[in-house]
Amino acid sequence: MAIIHHTTLKPTKLELLTDWLPTRPWYVGDGTPELTKSGGFRLDDPAGEVGIEFMVVTDGDGVAYLVPLTYRGAPLPGAEDALVGTMEHGVLGKRWAYDGCHDPVLVAELFALVEGRAQAQAQSVDNTPDHEITRSCAYDGPGGLRAHGPAVDDEAGTLLPAAPDGTTLYLHRRPALPDTPPPGAAGHLAGHWTTPDGTRTRALFADLRTPTG
């Protein structure tokens, strides 16, 4: 299990995202974001080297965004375009934060989560599974879900090639209602967050799409 250090970050994650979000094609706000951390969950890196967090942030206009992030102790080679920024961690020192959809460690663990081989963990509490993160997977192709190409952003989310037959996992950067898989989906991932006014919300985080789906 990853250890969560409750310490200082300079700049903070929200400060990094305030500069980064407006550069994304799926960001729909105007001007400078006014972000609130609303929820999310974590995954464990089996090697214990990379921090993996799926953060939900809410902008001042009420729109929620799903931002998968990885935290590394050194730059990820070849991932310069995926760098969100660097932070000084009060315990671990300098950390490089990446858009996790372009980090192979996060992508592998995300596929494992959808397939049921990994367990979502609470965002801010050590050694605590988050059972409110729900998933399903009916895909039975040879080899299961594995990265088969780079992530591709569009105006609503990020497409992750997941199998050589064209199966993809589509990550909704603006989580979609309802929190159930759409018709024809071969799997899904759904989760929760709390809006700034205290409303508990659930939505679809990702759905698995096959060429015939």
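We did not get these values from a lab; they are worked out from the coordinates using the rules stated. Since the structure is predicted, the reported quantities are computational estimates derived from the model, not experimental observations. Please note: Cβ atoms are built from the backbone with ideal geometry, for glycine as well, and neighbour counts cover all protein chains shown.
Going through the stretch 44-72 one residue at a time, which ones are hydrophobic (A, V, I, L, M, F, W, C), crowded, with 17+ Cβ neighbours inside 10 Å and part of a loop (DSSP other than H, G, I, E, B)? Answer for the stretch 44-72, where residues must be hydrophobic (A, V, I, L, M, F, W, C), crowded, with 17+ Cβ neighbours inside 10 Å and part of a loop (DSSP other than H, G, I, E, B): just 50. Scanning the stretch 185-203 for residues that are assigned to a strand (DSSP E or B) and farther than 12 Å from residue 64 by Cβ turns up 187, 188, 189, 190, 200. Of all the residues in the stretch 122-160, those that are surrounded by 14 or more Cβ atoms within 10 Å (Cβ to Cβ), among the aliphatic types (A, V, I, L, M) and in a strand (DSSP E or B) number 3.
Residues are listed down the side, and each one gets a yes or a no for (1) touching a strand residue (DSSP E or B) at 6+ places or on another chain (Cβ under 6 Å); (2) touching a residue at least 40 places away in the same chain (Cβ under 8 Å); (3) farther than 15 Å from residue 112 by Cα:
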residue	(1), (2), (3)
127	no, yes, yes
131	no, no, yes
141	no, no, no
144	no, no, no
150	no, yes, yes
153	no, yes, yes
159	yes, no, yes
165	no, yes, yes
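Screening the candidates 212, 180 for the property of being β-branched (Val, Ile, Thr), out of contact with any strand residue (DSSP E or B) (no Cβ under 8 Å at 6 or more places or on another chain) and part of a loop (DSSP other than H, G, I, E, B) yields one hit, 212. Residue count for the stretch 173-187 under the criterion of being surrounded by 22 or more Cβ atoms within 10 Å (Cβ to Cβ) and within 18 Å of residue 101 (Cβ to Cβ): the result is 3. Do we find a residue being part of a loop (DSSP other than H, G, I, E, B), at positive phi and in contact (Cβ under 8 Å) with a residue 12 or more places away in the chain anywhere in the stretch 73-84? Checking the stretch 73-84: not a single residue is part of a loop (DSSP other than H, G, I, E, B), at positive phi and in contact (Cβ under 8 Å) with a residue 12 or more places away in the chain.
All of (1) of a type in the set (A, V, I, L, M, F, W, C); (2) touching an Asp or Glu at 6+ places or on another chain (Cβ under 9 Å); (3) crowded, with 18+ Cβ neighbours inside 10 Å hold for residue 26 with one exception: (3).
One residue alone among 97, 163 is assigned to a loop (DSSP other than H, G, I, E, B) and buried (at least 18 other Cβ atoms within 10 Å of the Cβ), and that residue is 163. Residue under question is residue 114, and the condition is that it be in a helix (DSSP H, G or I), touching a Cys at 6+ places or on another chain (Cβ under 7 Å) and either aliphatic (A, V, I, L, M) or free of Cβ contacts under 8 Å to residues at least 40 places away in the same chain (or both); does it hold? So residue 114 fits the description; yes.
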